[in-house]
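First comes the structure, then the notes that go with it.
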Amino acid sequence: MPLTKTSQKFNASINAFTIGTGDKAVTMGGENVLPFYTFDAPIENAPKIGAEISDLGMDKNVPGIRDYYAGAEDFTELARRASAIPGVDFIAFALDAADPNGEDRSVEECVEECKQVAEGTDLPIVIIGSKGIEKNETLFDKVADALSGKNVLLMSAREENYKTIAASAGLAYSQKIGAESAVDINLAKQLNVIISQMGVKPQSIAMNVGAASAGYGFEYVVSTMERVKMAALQQNDNMLQMPIVTPVADEVWNVKEAVVSEEDIPEWGPQEERGIQMEVVTASACLASGSNAVILRHPASIAAVSKMIRELI
Amino acid sequence: MALKGLDIFKLTPKTNCKQCGVPTCMAFSMKVAQGSLPLEKCPFITDDVKDQLSEATAPPMKTLKLGEHTLGGETVLERHEKTFVSKTLYAMKVSTANDDAANDALLEKVPKVDYDRIGERMYCEFVFVEGTEGENARFLDLVKKAAALDRDLILATSDADLAKEALAAASGKNVILAGANASNYEAMSGAATAANALLGVSGESLEELHDTVAALEKLGNKNLVLVTTGKNAKEAFRNTVEVRRGAIKGSDRTFGYPSLVDVAALSGGDPHMEAAYASLFTAKYGSIVVLTEMDYAKALPLYGLRQNIFTDPQKPMKVDPGIYPLNGADENSICMVTVDFALTYFIVSGEIERSGIPVNLLISDAGGYSVLTAWAAGKFSASSIAKFIEEYQVEEKIKNRVLVLPGKVAVLKGEVQEKLPNWKVVVGTNEAVEIIRFLKDFQY
């Protein structure tokens, strides 16, 4: 019996989703096949990579990250350096210091920081909110205003705070919204539905369906993403056709494998290399399962993952 | 094509004798069709009928055994559809293209990574020995050295005579002979079969691979592994997906064999690229993934990923119940109790470790459920906590009498306090992310 190939080219497709403006605008999604299945149909928009910088500075990171940003006096310079990493498509600025349980930096200061970041880069900007779900409402409102016209993506709107964020950032300032749920396809869909019902166009929504480090319940991430893609492509569910953006860095640089020093567990070898490989392996598996973009921190991980994307597309 | 239950039912005696352990012949037939019972369970099925059915009831992908390892046997393309059954196995590569010192150094590293993660042994299962042209003597020498390690072998050569010698040098080992192709498959198949080895087959294209596998099957060899590496990463991904998808979705049994991807050959010696590709092929359909080296930096994320992906979605991952002293906790450190669901354990222990504060983490047997589910199912209750404290002699081992409950089961506080009057029972946080702050603010 000769070889007959099975194809999985679907009639439905993932929404094409653009952030940023001008030459450096980035479009993700648009494909009608599973991740990297270019042999079923061409994938026009390759998956994208964001470089994460934090408003707490980069000093607490491993030497390879810390040194790369060493001497950066302000957020403009941080953004400039992040944009210069080969393979980076957009800048992900994390407003960690705004956390009410942490430094509780004021909304005004955060807005100022975001403006500085915008001065340092012409790449698209993704703003990652603080851990304070309530605070993000005002924070995103002011940031969306300050970065008006830049077509930024605000991560993330959740079930608890989506109303204000959708109304302000989504409708009043026409920015893009990231809908965040925790590894549950039904919750992911529900959130897209209610944000759309507020009047935000589905094409202005991206999803963060949940992230984890490899080894830490990552099976839920894989299965949620695979089920979302199947629903979007096979069943043409337009409330799940938003592209998936996965913040990987914040997960991997906090797990034991990336945190424990070489002195504590000598046989594990250098800490930095463990962190890089954790970031590379987790990001690659996310992309294989359905992420249209991943957010990473280490220049070496960004180099490897962007090379893999280039080789496969 | 897979048979339907009704087709099988027609061939049973229809007497509902229950000798197969199932109440009716109809129910038995349905189970055979699903693949959950073998046809042989029915004592009345004749050999004739068995032969007639075995081809039709065979699973889309063959299950091959090699020593203690199982390859293949998958029935779905995505794990949530049912489960994946045979985890990706890894190999470290030595080659006559390297100098002897480099190979020796690599072989020395093979046994270094060998540890336990949630009850599973994590180690590099294979050594992949590659013979390049004109290096026959060094290849045989390398095979002997690799055979001395306590690992299964993959021998890569396309020279059938050399393969025979190599197989003899590795006698007693579990071996995959990789190197069959369209021009040498007959001789290679003979060598592999004589030595009881699995045969690795490759092709210039998917069509050629398909033809060669069909030819080998005609020779009666169905102990095959398909080498899907190709010329570059894109081709490797395509081949690996097409082979698995062809077997499972396209019911093409010729592609119903495990795959082998040499990511070392795709990565040009870059360890980060190797990790990226190893991750890709662990997620997508690589049965065996070959790397230049498996060090801890690669092993920790890859084995964690593999353990997650190959977990049966219907069975929760569990850790062993017991007392886990974290951050150098001793008898004077406080106790925090939670359930044995692996994810809960990892997240809670991770947060406690990040706090730097010594804590005895008590993992009680809760059937592998999360805190709320276990509580709802009655597997995590005041009695189960009290029973754990008694069974594991916590009071004898630990002097501190502070016991922190998960915030989600705050309702248990009164009852736990009643059962453990010597303890100061404290309600902890709802979410693991709040643990660090909780421990830092906690008044002792």
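No value in this document is a laboratory result; all are computed from the given coordinates. Fair warning: this is a prediction, and the values are worked out from it, not measured in the lab. Please note: Cβ atoms are built from the backbone with ideal geometry, for glycine as well, and neighbour counts cover all protein chains shown.
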Shape of the stretch B:1-131 from its Cα gyration tensor (a ≥ b ≥ c, root eigenvalues): rounded if a/c is under 1.5, otherwise prolate when a/b > b/c, or oblate? prolate
When Cβ neighbours within 10 Å are restricted to other protein chains, what is their mean count per residue of peptide B:201-213? 1
On a 0 to 90° scale, report how tilted helix B:25-34 is relative to the longest principal axis of chain B, with both axes built from alpha carbons and the result rounded to the nearest 10. 80
Here the FRET efficiency for B:Thr15 versus B:Glu207, based on Cβ atoms and R0 = 56 Å and rounded to 0.05, is 0.70
Sorting A:Arg227, A:Arg310, B:Arg117 on the 10 Å Cβ count, fewest up front, what's the list? A:Arg310, B:Arg117, A:Arg227
Rounded to whole angstrom, the alpha-carbon centroid of the stretch B:340-411 lies from that of the stretch A:12-83 at a distance of 40
Within chain A, helix-based [θ] at 222 nm, where runs of 4 or more DSSP H residues each add -39,500 (n - 2.57), nearest 500: -11000 deg cm²/dmol
Averaged over B:267-274, how many beta carbons belonging to a partner chain fall within 10 Å of each residue's beta carbon? 5
For the stretch B:322-441, go through all pairs of different Cα atoms, get the mean of 1/r, take its inverse, and jot down that Kirkwood value in Å. 14.0
About its Cα centre, the protein assembly as shown carries a charge dipole, from +1 on Lys and Arg Cβ atoms and -1 on Asp and Glu Cβ atoms, whose size in debye to the nearest 20 is 2560
So for chain B, averaging the separation of alpha carbon pairs under 8 Å that are six or more residues apart and normalising by length, what relative contact order in percent results? 11
In square nanometres and to one decimal, what's the mean projected area of the convex hull around the Cα atoms of the protein assembly as shown? 35.8
List residues of the stretch A:155-175, by number, whose backbone nitrogen lies under 14 Å from a label position 7 Å along Cα→C-beta of A:Ile133. A:156-165
More than 17 Å apart: what percent of Cα pairs in the stretch B:5-56 qualify? 20
Please work out the Kirkwood hydrodynamic radius for the stretch B:295-343, using every pair of different C-alpha atoms, and report it in angstroms with one decimal place. 13.5
Using packing as a proxy for protection, rank B:403-414, A:174-185, B:382-393 so that the peptide with the highest average count of other Cβ atoms within 10 Å comes first. A:174-185, B:403-414, B:382-393
What angle do you read, to the nearest 10 degrees and between 0 and 90, between the alpha-carbon axis of helix B:185-194 and the longest principal axis of chain B? 60
Net length gained if the chain between B:Thr46 and B:Glu391 were fully extended (0.36 nm per residue, minus Cα distance): 118.8 nm
Give me Rg/Rg_expected for the stretch A:105-161, where Rg uses Cα atoms only and Rg_expected = 2.2 N^0.38 Å with N residues. 1.07
Under 1.5 on a/c is rounded, so check that first for the stretch B:125-273, then, if it is not, pick prolate when a/b is larger than b/c and oblate when it is not; a ≥ b ≥ c are the square roots of the alpha carbon gyration tensor eigenvalues. oblate
In peptide A:272-279, what is the residue-averaged number of other protein chain Cβ atoms found within 10 Å of each Cβ? 6
If you average the alpha carbon positions of the stretch A:260-313 and of the stretch B:1-72, how far apart do those two centres end up, in angstrom? 45
Chain B shape via C-alpha gyration tensor axes, a/c threshold 1.5: oblate
Rank-order B:101-111, A:89-99, B:148-158 by packing density, defined as the average count of other C-beta atoms within 10 Å over each peptide's residues, highest first. A:89-99, B:148-158, B:101-111
So for R0 = 25 Å, FRET eff. of B:Ala168-B:Lys222 from the Cβ-Cβ r, to 0.05, ends up at 0.60
Can you tell me the dipole magnitude for the stretch A:54-208 around its Cα centre, using point charges on the Cβ only (Lys, Arg +1; Asp, Glu -1), in Debye to the nearest 20? 640
Over 19 Å (Cα to Cα) - which of A:Lys131/A:Lys163; B:Lys62/B:Lys222; B:Lys87/B:Lys164; B:Lys41/B:Lys249; A:Lys48/B:Lys231; A:Lys135/A:Lys163 fall in this group: B:Lys87/B:Lys164; B:Lys41/B:Lys249; A:Lys48/B:Lys231
Using r as the Cβ-Cβ distance of A:Asn238 and B:Arg121, and R0 as 41 Å, what FRET efficiency do you calculate, to the nearest 0.05? 0.35
Let me test this: with uniform point scatterers at the alpha carbons of chain A, what is the Debye-based log₁₀ I(q)/I(0) at q = 0.09, 0.12 1/Å? -0.42, -0.76
Nearest-20 debye value, chain A charge dipole, Cβ charges on Lys, Arg, Asp, Glu: 1400
For the stretch A:179-271, take the alpha-carbon Rg, divide it by the Kirkwood Rh, and send me Rg/Rh. 1.15
